[in-house]
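Participant: The structure that follows is given in the form of structure tokens.
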Amino acid sequence: MAEKKRIVVGGWFDLPRLGTEVFSALVRKQGVVYEKSTGFKFDSGTDLQGAVRTLRSAGVDVELTLRCWICGKEACPGCPYLQSCDRASVSSFCLCADHSPEKSVFGEYARTFDVNLKG
Amino acid sequence: MWSEKYRPSRLDQLIGNEDARLVLSLWLSKWKPGTKAALLVGPPGTGKTTFVNLLARADGMNLVDLNASDVRTKEKLQRRMGEAMSTVSLFGERSLIFLDEVDGLAGRADLGAVEFIKESVKESQNPIVMAANDPDSDEIKKLSSSCMTVRFRPPPPREVEMYLREVARGEGLAVGDEELRALVIEAAGDVRQAINLLQSTQNAPREEGRGRYKDKDRTVSEAFNGFFGAADKGEALASLRDLSMSPFEKVREVQRSVVKSGLPPGAMAKALETVSRADLLIGKMMKAGDWRLLRYLDRLFAEELFPVVKGMGVKYAGQDDLPFPVLVRVWNDSKKVREVSVKYAAKAHTSGMSARSQDLPYVFALCSKKKFREDLERALGLDADPDLLQSYDRFLQKEAAR
């Protein structure tokens with residue numbers, strides 16, 4: 001039975017040993033970031049759909065979850081679009097329940113970009 | 001159009017691809033000669049071109065914008081890019097060189113263009129950004145070793161909803177959560193499409209109720225009227241680009257609207273000349289199978305037709321308001337028209353559809369001459385059965401009389 005792995009996009013995660021072929025496909029072909037001390041990470045250069053496919057074919061069933069751009073918390077729990085959103089094909093950040101669109105957060109969202117750019 | 005009114009004018013007003021925007025902004029701020037170029041990869045409509053334009057603006061840089069599929073050979077690229085790559089202003093101000101659609105180099109011999117780009121990246125005195133839709137093309141794989149690849153993806157639905165709410169707030173609208181979410185799902189990550197859908201729901205009569213934003217005819221009419229009534233070429237171009245319609249239909253609808261417009265003869269001639277050029281462009285595209293030519297269609301209308309029709313009160317001629325009575329017969333798929341078009345297509349080495357929509361209106365008009373009609377009947381083999389011949393002859397005479 002396939003192992004279920006929950007991965008936060010943009011966060012570090014570990015993987016069981018999957019062999020050099022899978023490692024090479026993930027890191028060289030699909031642009032997954034790897035550091036020995038911290039593990040793996042999906043970032044803006046990662047082919048997310050390809051990486052998820054590779055992991056699934058290696059027996060690791062992946063469930064992706066996005067982080068809130070404003071506060072960094074996990075954004076997917078309780079999202080009304082959970083069923084319709086393909087998280088492997090959308091960009092890496094989203095909005096959490098505390099910063100949901102109903103709360104007119106666009107100003108805060110835009111400011112976060114400026115803050116991160118300067119920081 | 002709200003999609004134009006609410007087009008982002010600053011980097012922080014974009015939504016989605018937050019990490020990609022940050023990485024690229026930092027790359028540009030730290031760029032020095034010898035730094036790798038940036039390669040933006042992602043499906044159309046994810047904001048790559050808009051981002052690069054805003055990036056250059058944010059850094060006060062001059063944007064040198066080239067479409068790679070227009071300049072395929074090394075010599076052409078050298079001519080267009082050479083000066084931009086080696087020139088820095090007296091005050092050290094740099095330009096941002098943007099090569100869009102570099103995957104357009106793939107598929108045919110690129111005649112040294114990819115190697116030239118790879119070399120240029122090392123030597124350029126100005127930063128180079130490239131954009132591509134297809135990350136798997138061979139040319140992109142060749143380029144990726146000398147580039148920092150950044151992926152652009154559609155924004156998640158919640159962020160699209162946030163932007164729609166911002167637009168709704170700007171327009172003073174109260175839209176229900178459920179209706180807004182239906183629009184977001186319908187737009188499938190395309191922000192411009194989401195805004196257009198929102199606008200179409202609000203412009204529709206109230207009594208039509210939910211689902212009215214799916215009214216295709218109204219959207220078509222809005223887009224064409226948006227084009228004819230635009231304030232400038234940019235708005236005209238955006239109106240046509242928002243329109244999801246086959247290029248043949250687009251040209252046909254523009255032609256019908258122009259013919260029905262009552263423009264003065266000089267302007268009418270100029271407008272129809274452009275329509276004719278658009279028709280030739282599509283013919284060339286079909287003949288060569290070169291679908292990239294399609295991108296010039298809207299631009300041709302915006303650059304050449306729009307200045308002629310601007311302020312002339314041209315309106316979209318609705319689907320049921322045909323300009324040429326003869327076209328009614330051609331498009332109504334009557335049995336005889338289909339039969340004649342199939343026979344004609346076989347003789348003229350064209351498709352049945354092309355015969356019906358392009359040739360037969362004129363052929364039918366010429367059938368008012370008895371000699372022409374008889375020659376046509378013989379050429380198409382309509383004279384094989386005397387009874388049928390009589391029936392076809394009556395039909396052709398009737399069409400000619402229209």
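Participant: Going through region B:125-148 one residue at a time, which ones are within 13 Å of chain A (Cβ to nearest Cβ) and either of a type in the set (D, E, K, R) or in contact with a Pro (Cβ under 8 Å, 6 or more places away or on another chain) (or both)?
Facilitator: Within region B:125-148, B:Asp134, B:Asp136, B:Lys141 qualify.
Participant: Considering only region A:2-9, I want to know if a residue exists there that is modelled with pLDDT of 90 or more, within 30 Å of A:Asp98 (Cα to Cα), touching an Asp or Glu at 6+ places or on another chain (Cβ under 8 Å) and buried (at least 18 other Cβ atoms within 10 Å of the Cβ).
Facilitator: yes
Participant: Continuing with this model, one more query. I'm trying to understand the selection: among the residues of region A:66-119, which are over 15 Å from B:Pro157 (Cβ atoms), assigned to a helix (DSSP H, G or I), modelled with pLDDT of 90 or more and more than 7 Å from chain B (Cβ to nearest Cβ)?
Facilitator: Once the filter is applied, which keeps residues that are over 15 Å from B:Pro157 (Cβ atoms), assigned to a helix (DSSP H, G or I), modelled with pLDDT of 90 or more and more than 7 Å from chain B (Cβ to nearest Cβ), region A:66-119 yields A:Asp98, A:Gly107, A:Glu108, A:Arg111, A:Thr112, A:Val115.
Participant: Check region A:74-88 and report whether any residue there is in contact (Cβ under 8 Å) with a residue 60 or more places away in the chain, crowded, with 20+ Cβ neighbours inside 10 Å and in contact with a helix residue (DSSP H, G or I) (Cβ under 7 Å, 6 or more places away or on another chain).
Facilitator: No; the residues of region A:74-88 include none that is in contact (Cβ under 8 Å) with a residue 60 or more places away in the chain, crowded, with 20+ Cβ neighbours inside 10 Å and in contact with a helix residue (DSSP H, G or I) (Cβ under 7 Å, 6 or more places away or on another chain).
Participant: Could you go through region B:4-26 and let me know if any residue there is surrounded by fewer than 16 Cβ atoms within 10 Å (Cβ to Cβ), of a type in the set (S, T, N, Q) and not in a helix (DSSP H, G or I).
Facilitator: yes
Participant: Would you check which residues across region B:137-173 are surrounded by fewer than 20 Cβ atoms within 10 Å (Cβ to Cβ) and over 21 Å from B:Glu4 (Cα atoms) and list them?
Facilitator: Of everything in region B:137-173, those that are surrounded by fewer than 20 Cβ atoms within 10 Å (Cβ to Cβ) and over 21 Å from B:Glu4 (Cα atoms) turn out to be B:Ser137, B:Asp138, B:Lys141, B:Lys142, B:Ser144, B:Ser145, B:Ser146, B:Met148.
Participant: Answer with yes or no whether B:Phe306 is at pLDDT 85 or above and surrounded by 15 or more Cβ atoms within 10 Å (Cβ to Cβ).
Facilitator: Yes; evaluated as a whole, the condition is true for this residue.
Participant: Would you confirm whether or not region B:173-183 contains a residue that is of a type in the set (D, E, K, R), in a loop (DSSP other than H, G, I, E, B) and either within 28 Å of the chain's Cα centre (by Cα) or within 14 Å of chain A (Cβ to nearest Cβ) (or both)?
Facilitator: Within region B:173-183 (the criterion being of a type in the set (D, E, K, R), in a loop (DSSP other than H, G, I, E, B) and either within 28 Å of the chain's Cα centre (by Cα) or within 14 Å of chain A (Cβ to nearest Cβ) (or both)), the answer is no, since none of the residues qualifies.
Participant: Let me ask another. Could you please find all residues in region B:245-263 being loosely packed, with under 12 Cβ neighbours inside 10 Å and either in contact (Cβ under 8 Å) with a residue 24 or more places away in the chain or more than 26 Å from B:Asn196 (Cα to Cα) (or both)?
Facilitator: Once the filter is applied, which keeps residues that are loosely packed, with under 12 Cβ neighbours inside 10 Å and either in contact (Cβ under 8 Å) with a residue 24 or more places away in the chain or more than 26 Å from B:Asn196 (Cα to Cα) (or both), region B:245-263 yields only B:Gly262.
Participant: If I ask for residues that are surrounded by fewer than 20 Cβ atoms within 10 Å (Cβ to Cβ), farther than 22 Å from B:Pro156 by Cα and at pLDDT 85 or above, which ones from region B:185-225 would you list?
Facilitator: B:Asn225
Yes or no, residue by residue, for (1) more than 14 Å from chain B (Cβ to nearest Cβ); (2) within 16 Å of A:Val90 (Cα to Cα):
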position	(1), (2)
A:Pro16	yes, no
A:Val33	no, no
A:Asp43	no, yes
A:Thr46	no, yes
A:Arg53	no, yes
A:Asp61	yes, no
A:Leu64	no, yes
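Participant: How about region B:349-364: which of its residues are surrounded by 14 or more Cβ atoms within 10 Å (Cβ to Cβ) and among the hydrophobic types (A, V, I, L, M, F, W, C)?
Facilitator: Across region B:349-364, the qualifying residues are B:Ala355, B:Leu360, B:Val363, B:Phe364.
Participant: Can you pull out the residues in region B:134-167 that are of a type in the set (Gly, Ala, Ser) and either under 21 Å from B:Thr49 (Cβ atoms) or within 23 Å of the chain's Cα centre (by Cα) (or both)?
Facilitator: Answer for region B:134-167, where residues must be of a type in the set (Gly, Ala, Ser) and either under 21 Å from B:Thr49 (Cβ atoms) or within 23 Å of the chain's Cα centre (by Cα) (or both): B:Ser137, B:Ser144.
Participant: Can we say B:Leu40 is touching a strand residue (DSSP E or B) at 6+ places or on another chain (Cβ under 8 Å), at negative phi, modelled with pLDDT of 90 or more and assigned to a helix (DSSP H, G or I)?
Facilitator: So B:Leu40 fails the test.
Participant: Continuing with this model, one more query. Restricting region B:264-276 to residues that are under 18 Å from B:Leu300 (Cβ atoms) and not β-branched (Val, Ile, Thr), which is surrounded by the most Cβ atoms within 10 Å (Cβ to Cβ)?
Facilitator: Residue satisfying both the conditions and the ranking: B:Ala271.
Participant: Sticking with this one: Of the conditions (1) touching a residue at least 40 places away in the same chain (Cβ under 8 Å); (2) more than 23 Å from A:Gly10 (Cα to Cα), B:Glu83 satisfies every one except a single condition; which number is it?
Facilitator: Answer for B:Glu83: the failing condition is (1).
Participant: Here is a further query. Which pairs turn up if I take residues in region B:150-171 that are more than 8 Å from chain A (Cβ to nearest Cβ) and look for partners that are surrounded by fewer than 24 Cβ atoms within 10 Å (Cβ to Cβ) and small (Gly, Ala, Ser) with beta carbon separation below 7 Å, at least 6 apart in sequence or on another chain?
Facilitator: B:Val160/B:Ala187
Participant: Kindly establish whether A:Phe23 is over 19 Å from B:Arg153 (Cα atoms) and buried (at least 18 other Cβ atoms within 10 Å of the Cβ).
Facilitator: So A:Phe23 does not fit the description; no.
The values are calculated or read from the model by the stated rules, or taken from the named source; none is laboratory data. Note that this is a predicted model, so its numbers are computed, not measured. A quick note on method: Cβ atoms are made from the backbone with ideal geometry, for glycine too, and the neighbour counts reach across all protein chains shown.
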